[in-house]
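Student: Quick one: the structure is below, questions incoming.
The values are calculated or read from the model by the stated rules, or taken from the named source; none is laboratory data. Not measured: the values here are computed from a predicted model. Backbone-built Cβ (ideal geometry, glycine too); neighbour counts: all protein chains shown. Remember, those area values only see protein heavy atoms, side chains included, never the ligands or the DNA or RNA. Shrake-Rupley method; radii C 1.70, N 1.55, O 1.52, S 1.80 Å.
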Amino acid sequence: MKLKKTLGLFMIFLSGMAIAQTNSNIPQVEELLSKMTLEEKIGQLNLLTPGGGVATGSVVSEDVEAKIKAGNVGGVFGVSSPEKVRQAQEIAVKSSRLGIPLLIGSDIIHGYKTTYPIPLGLSSSWDMDLMKEAAQLAAKEATADGINWNFSPMVDIARDPRWGRIAEGAGEDPYLGSQVAKAMVEGYQGEDLTAPNTMIATVKHMALYGAAEAGRDYNSVDMSHLKMFNEYLPPYQAAVDAGVASVMTSFNDIDGIPASGNKWLLTDLLRDRWGFGGFVVSDYTSVNEMIAHGMGDLQAVSAMAINAGLDMDMVGEGFLTTLKKSVDEGKVSEEQITKAARRILEAKHKLGLLDDPYLYSDESRPEKDILTKENRDFARKAATRSFVLLKKHNNTLPLAKNAKIALVGPLANNKNNMLGTWAPTGDPSLSIPILQGLKNVAPDANINYAKGANISNDTTFAKKVNVFGPRIQINDESPETLLKEALDLAENSDVIVAVVGEATEMSGEAASRTDITIPDSQKKLIRELAHTGKPVVLVLMSGRPLDISEEMALPVSILQIWHPGVEAGNAVADVLFGDFNPSAKLTNSWPRNVGQIPIHYRMKTTGRPGPESGEFQKFKTNYLDSPNSPLLPFGFGLSYTTFEYSDVKANSSELGKTGAIELSATVTNTGDHDGEEIVQLYIHDKVRSITPPGKELKGFKKIMLKKGESKTVTFQLNAEDLKFYNSELKHVAEPGEFDFFIAGSSDSKFDGSFTLKE
């Protein structure tokens, strides 16, 4: 049941109550609750890890088996394979008093064993069918290995590329981010959670984690409610509307209260306003970390969390060790604990575990469902569709398949850095490096390899990056020797392909950077290669937008490949040799330097807007030393062909409160290659009750055009699409004039206008 946002708070409260009552009428769940002691109910709220996976905190649970037998565990993570999951479930089912099975969780961020491009890369495809299929295949593989609960998707809006976890999301825009959230939830959960190839999705991190101050992970967030509702909250709500079964809290505070203990966030907003009926889990020890936030001791913060609406405590065990005492002292009601336990049991019911605890323990599935040729083929396809062509120079691309190629760079023949950050279930040794991929796709090409440079020459920095394995390897050979080998190779080649950028763990969790340029060791290599006079293609690998102002000014072509996954080399070769024409577009603006951060296309014009010419004017909002504009705008991406937009128009000058208006443009492939174009619709609300952003994305479509072909692309908008949250946080569409444009990126001028009538 969901009520319109214009209803009063009293009706919204009743709506939330109705949802809670509806979800509680599950006979199996109520029968179990009637038998459970207070301690057993608290046990269901405890999520532990026996280790073995990638931990995101310093704590690993102890005596897990004994705690399961005592009924003190509701779920575990870091356990996989049908055999091990069956063993864990047998302990819970056969050795605990009530025999309640466990939730089995995992971080499956961009594929399971078959690893896809990082989420920021996948989002660059702007292909929701592709993203949904990626989630479906990841769920198929993970459930084959016994896992029934996924800590994904991460939908945090991120506009600061210093923040390493920008790699895990869909970029800067709430509309695109909402579409991605919906697609991934639907992909993971399918239409029937009791099906053995579907799993519970967890939208995270609730909320605002991507706006951490100074781009530093785990840092504080301070934001107005207007900005929250209009720009940062929509993807979380889209996931809830798509039926996500679980929500994970964030590490940051909101209005001065940490998310894991924030009642406004977890109850008033998430449950009462949005109607969320699933369960809420903390991030790794985030309940305990409220002590460091200054919220009190472990008992105080645990009581604060359960009273706020948190249902499950990840790893910290504060619920397990303090909640009974808090009930005895009247600080927490048993009813609140019962509500939380009910939600956990309901999730187990949705998964079919209460009927069959071993539903995800089919030992025949891994061989037929994991790392199959079909799955690897999809990973290759997904990667090719995530690459963004940032610069073309002298028609160097695509390469001839019989070319004499100097392949250089520290990431050109490096299996350890293909999968990307947050790929704990992937095996780097199974990845295809770029050198192998080029040889696979173009066996007639003459390809020779030299490393040319280390990823970084800084041993202290390398030690920080290499926490999960050797991502930055510093050769015994001197940097001068490495460079000379590459230049000698380049001298005898037709074209140079340099694979450069970030190692896997230079982005991701706990990987914030104040300097987002390519490391100096590689910059020197790039400069020297450009000075050879040979055609140069930079294949750029990163988990974030980088400052590549220097590289963009060089006579080189640049293909951004993110971290492409297990089929990296084959996918890169497909694009470099022209078997696939790159079509992806950026989902974050790329800054000219860190001084512009945060930078995004939705920035407001202000009362003293900067001049359109970009020239400096005193007493306007501009810089002395840089243009306002980004180096590369949101929605930007080139192709081996070219596209021209014409005949942009509206079918009417007016839009009523009912009905729709059609906005259209003709797109023509004016180049020499067939190709796909991502057509984007932007609007601007010219006058409204709160200051509007300069532009807002309201639609996009990907079309295929043969060379010389034209198509008319049409978007429909209605009054609902023009809504925003006003100063009273009401979702409204205000009458008035709107500008619009249809183009290939956000960096375009408005083509026309229409009016929303009273």
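Student: Enter the per residue convex hull volume of the range 375-509, computed from alpha-carbon coordinates, in Å³ rounded to the nearest integer.
Tutor: In the range 375-509, the Cα convex hull volume per residue is 132 Å³.
Student: Could you give P(r) for the chain, binned at 10 Å from zero, as whole percent values over all Cα-Cα pairs?
Tutor: That works out to 3, 14, 24, 25, 19, 11, 4, 0, in percent per bin.
Student: Highest first, please rank the peptides 96-108, 311-323 by the mean number of other Cβ atoms sitting within 10 Å of their residues.
Tutor: Final packing ranking: 311-323, 96-108.
Student: Another one. Using Cα positions and a limit of under 18 Å, work out the aspartates and glutamates in reach of LYS350, with same-chain residues fewer than 8 apart set aside.
Tutor: Reachable aspartates and glutamates: GLU30, GLU31, GLU186, GLU191, ASP192, ASP241, ASP311.
Student: Also: Kindly report, to the nearest 10 Å², the accessible surface of GLU39 as traced by a 1.4 Å probe over protein heavy atoms only.
Tutor: That residue has around 80 Å² of solvent-accessible surface.
Student: Sticking with this structure for a sec: Please report Rg (one decimal) and Dmax (integer) in Å for the Cα set of the range 449-519.
Tutor: Every Cα atom of the range 449-519 included, Rg and Dmax give 13.8, 42 Å.
Student: Using only the alpha-carbon atoms of the range 184-224, report the extent along each of the three principal axes, biggest first, to the nearest angstrom.
Tutor: Its Cα atoms span 43, 20, 12 Å along the three principal axes.
Student: Hey, another quick one. With only alpha-carbon atoms in the gyration tensor, what are the semi-axes of the equivalent ellipsoid for the range 482-594, in Å, largest first?
Tutor: 23, 19, 14
Student: Could you state the angle between the C-alpha long axis of helix 520-530 and the longest principal axis of the C-alpha atoms of the chain, as a value from 0 to 90 degrees rounded to the nearest 10?
Tutor: 30
Student: In nm², what is the average projected area of the convex hull enclosing the Cα atoms of the range 496-548? It would help to have the intermediate numbers written out before the result.
Tutor: On the way: hull surface 14.7 nm².
Projected area, direction-averaged: 3.7 nm².
Student: Can you give the local net charge around HIS673? Use residues other than it whose beta-carbon is closer than 10 angstrom to its beta-carbon, Lys and Arg +1, Asp and Glu -1.
Tutor: On the way: positive: LYS706, LYS707; negative: ASP672, ASP674.
Here the charged neighbours net out to 0.
Student: Let's see if you can work this out: charge +1 on each Lys and Arg Cβ, -1 on each Asp and Glu Cβ, no other charges. What is the dipole magnitude of the range 227-337 about its Cα centre, in debye to the nearest 20? Walk me through the numbers on the way to the answer.
Tutor: Details: 7 positive and 16 negative charges, 26 e Å.
Roughly 120 debye, rounded to the nearest 20.
Student: Could you compute the FRET efficiency for ASP488 and GLU90, with r as their C-beta to C-beta distance and R0 at 41 Å, rounded to 0.05?
Tutor: The pair ASP488/GLU90 has a calculated efficiency of 0.10.
Student: In Å², and per residue, what accessible area does the chain have when probed at 1.4 Å with the other protein chains present?
Tutor: Ligands and nucleic acids excluded, the result is 37 Å² per residue.
Student: Under a no-solvent Debye model with one identical scatterer per Cα of the range 583-655, what's log10 I(q)/I(0) at q = 0.15 Å⁻¹?
Tutor: Rounded to two decimals, the profile gives -0.73.
Student: Round to a whole number: what % of the accessible area of the range 303-369 belongs to carbon and sulfur, probe 1.4 Å? Walk me through the numbers on the way to the answer.
Tutor: Details: 1100 of 2520 Å².
It is 44 percent, rounded to a whole number.
Student: Further question on the same structure: In whole angstrom, how long is each semi-axis of the equivalent ellipsoid of the range 94-221, when you take the square root of 5 times every eigenvalue of its Cα gyration tensor and sort them from largest down?
Tutor: 28, 18, 12
Student: Once the piece of chain linking ASP674 and LYS706 is laid out straight, how much longer is it, given 0.36 nm per residue of separation minus the C-alpha distance between them?
Tutor: Taking ASP674 through LYS706 to full extension adds about 11.1 nm, to one decimal.
Student: Take the alpha carbon atoms of the range 164-249, find their radius of gyration, then divide it by 2.2 N^0.38 Å using N residues; give the quotient.
Tutor: So the Cα radius of gyration is 1.15 times the expected 2.2 N^0.38 Å.
Student: Place the peptides 606-612, 252-258 in order of packing, highest mean first, counting for every residue the other Cβ atoms within 10 Å and averaging per peptide.
Tutor: On the way: 606-612: 11.3, 252-258: 19.6.
In decreasing order of mean packing, 606-612, 252-258 become 252-258, 606-612.
Student: Moving on. Which three extents, in angstrom, do the Cα atoms of the range 603-748 have along their principal axes, listed largest first?
Tutor: Largest first, the range 603-748 extends 48, 48, 23 Å along its Cα principal axes.
Student: Per residue Cα convex hull volume for the range 317-449, in cubic angstrom?
Tutor: 223
Student: Can you give me the C-alpha center-to-center distance between the range 720-758 and the range 549-588, rounded to a whole angstrom?
Tutor: Rounded to whole Å, the Cα centres lie 34 Å apart.
Student: Still on this structure: Using the Kirkwood radius built from alpha carbon pairs, what does the Stokes-Einstein equation give as D for the range 211-315 at 37 °C and 0.692 mPa s, in µm² per second? Please list the in-between numbers first.
Tutor: Numbers: Rh = 13.9 Å.
So the translational diffusion coefficient is about 235 µm²/s.
Student: Hey, what does the equivalent ellipsoid look like for the range 69-113, semi-axes from the Cα gyration tensor as sqrt of 5 times each eigenvalue, largest first, whole Å?
Tutor: Values: eigenvalues 105, 24, 7 Å².
Ellipsoid half-lengths, sorted descending, are 23, 11, 6 Å.
Student: When the scattering of the range 95-149 is computed by the Debye formula from its Cα atoms alone, each counted once and equally, what is log10 I(q)/I(0) at q = 0.14, 0.17, 0.20, 0.26 Å⁻¹?
Tutor: -0.45, -0.58, -0.72, -1.01
Student: Here is a further query. Calculate how many DSSP beta bridges within the chain are antiparallel, expressed in % of all such bridges and rounded to the nearest 5.
Tutor: 55
Student: On C-alpha positions alone, give me the angle between the axis of helix 82-95 and the longest principal axis of the chain, in degrees, nearest 10.
Tutor: Long axis of 82-95 versus the principal axis of the chain: about 20 degrees.
Student: Pairs LYS113/LYS701; LYS113/LYS373; LYS182/LYS373; LYS94/LYS368; LYS657/LYS702; LYS67/LYS204: which exceed 20 Å Cα-Cα?
Tutor: LYS113/LYS701; LYS182/LYS373; LYS94/LYS368; LYS657/LYS702; LYS67/LYS204
Student: Now, a different point. Simple spin-label model, 7 Å along Cα-to-Cβ: GLU65 to GLU374 in nm?
Tutor: Placing both labels 7 Å along Cα→Cβ, they lie 3.8 nm apart.
Student: Any chance you could give the angle, 0 to 90 degrees and rounded to 10, that helix 128-144 forms with the longest Cα principal axis of the chain?
Tutor: 50
Student: Expressed as a whole number of Å, what is the distance separating the alpha-carbon centroids of the range 60-120 and the range 602-646?
Tutor: So the separation of the two Cα centres works out to 49 Å.
Student: For q values of 0.18, 0.23, 0.25 Å⁻¹, compute log₁₀ I(q)/I(0) with the Debye formula on a Cα-only model of the range 308-393, without solvent.
Tutor: Taken in order of the listed q values, log10 I(q)/I(0) reads -0.91, -1.11, -1.17.
Student: Give the separation of the Cα centroids, the range 186-221 to the range 385-438, in Å.
Tutor: 29
Student: Return the Rg/Rh ratio of the range 253-382 with Cα-based radii and a Kirkwood Rh.
Tutor: Working: Rg = 19.0 Å, Rh = 16.9 Å.
Here Rg/Rh amounts to 1.12.
Student: What's the carbon and sulfur percent of the range 493-652's accessible surface, probe 1.4 angstrom, rounded to a whole number?
Tutor: Carbon with sulfur: 50 percent of the solvent-accessible area.
Student: Could you tell me which of VAL64, SER178, SER106 has its Cα farthest along the dipole of the chain towards the positive end, charges placed at Cβ (Lys, Arg +1; Asp, Glu -1), taken about the Cα centre?
Tutor: Farthest towards the positive pole: SER178.
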